[in-house]
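J.: Can you read through this structure? Questions will come right after.
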Amino acid sequence: MTNTNVFQVSQPGNFADPLTEVLRKGARALLAQAVEAEVATLLSRYADETTDDGRKRLVRHGHLPEREIMTGIGPVGVRCPRVRDRVGEGSQRIRFSSAILPPYARRSKSLEVLIPILYLKGISTGDFEEALVALLGKDAGGLSASTVGRLKEVWSEEHTRWSKRDIGFIVAVWSSREK
């Protein structure tokens, strides 16, 4: 036995949290069930439509490659199902697009709200990645200084549009209530 007063301090994002892992696995399973329910709804809507040779028009067609969505509990791996339309061509083709899991989404809406809040609280552009690792775990990447810079440009454009909006109708409503 050694007597020491030196303790190992873990770095942000370099610790194991069984609770967070259980939450991520649960989120992954619930997300998969919800997207599968969306596919089942689409397939049942077109269940009566068939091809010329009597086969179903819409069929399951595997999954897209797995991708990670960064969420408030860290990265969650997702696989979106595919649907194949055996008849439709071009604009007539029936396609599956999940309302829950938009194509090309890499971050959840809650995380997109967190980013400007961190920026407004004074987190510098270069420190975002480190801050997100501390909040979301070691796999929380994908938010480089250049990405934050692009987001700042979008926020600036949104603010400019907002500040130039027409507010005459608000003044008219307010002044009419005074009478």
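Readers should treat all values here as calculations from the given coordinates under stated rules, not as data from a laboratory. Worth saying up front: this structure is predicted, and the values here are computed from it rather than measured. Every residue, glycine among them, receives a Cβ derived from its backbone with ideal geometry; neighbour counts consider all protein chains shown.
J.: Which far-off residues, 5 or more places away or on another chain, put their amide H under 5 Å from the one on Val83, with H placed in the peptide plane?
T.: Excluding prolines and chain starts, which carry no amide H, the hits are His61, Phe96.
J.: Can you tell me the FRET efficiency between Glu130 and Arg84 if r is taken as the Cβ-Cβ distance and R0 is 41 Å, rounded to the nearest 0.05?
T.: Computed FRET efficiency for Glu130 and Arg84: 0.40.
J.: Going toward the positive end of the dipole of the range 26-106, with +1 on Lys and Arg Cβ and -1 on Asp and Glu Cβ, which of Leu64, Leu101, Pro75 do you reach last?
T.: Ranked along the dipole, the leading option is Pro75.
J.: Sticking with this structure for a sec: Using +1 on the beta carbon of Lys and Arg, -1 on that of Asp and Glu, and nothing else charged, what's the dipole of the range 27-141 about the Cα centre, debye to 20?
T.: So the magnitude is around 240 debye.
J.: Using 7 Å Cα-to-Cβ label points, what is the Tyr46/Ser97 separation (nm, one decimal)?
T.: 1.4 nm
J.: Once you treat every alpha carbon in the range 18-134 as an equal point and sum by Debye, what is log10 I(q)/I(0) at q = 0.14, 0.17 Å⁻¹?
T.: Ignoring solvent entirely, the Cα scatterers give -0.71, -0.90.
J.: Filter the cross-link list Lys121/Lys152; Lys25/Lys109; Lys25/Lys152 down to pairs whose alpha-carbon distance in this structure exceeds 24 Å.
T.: Lys25/Lys152
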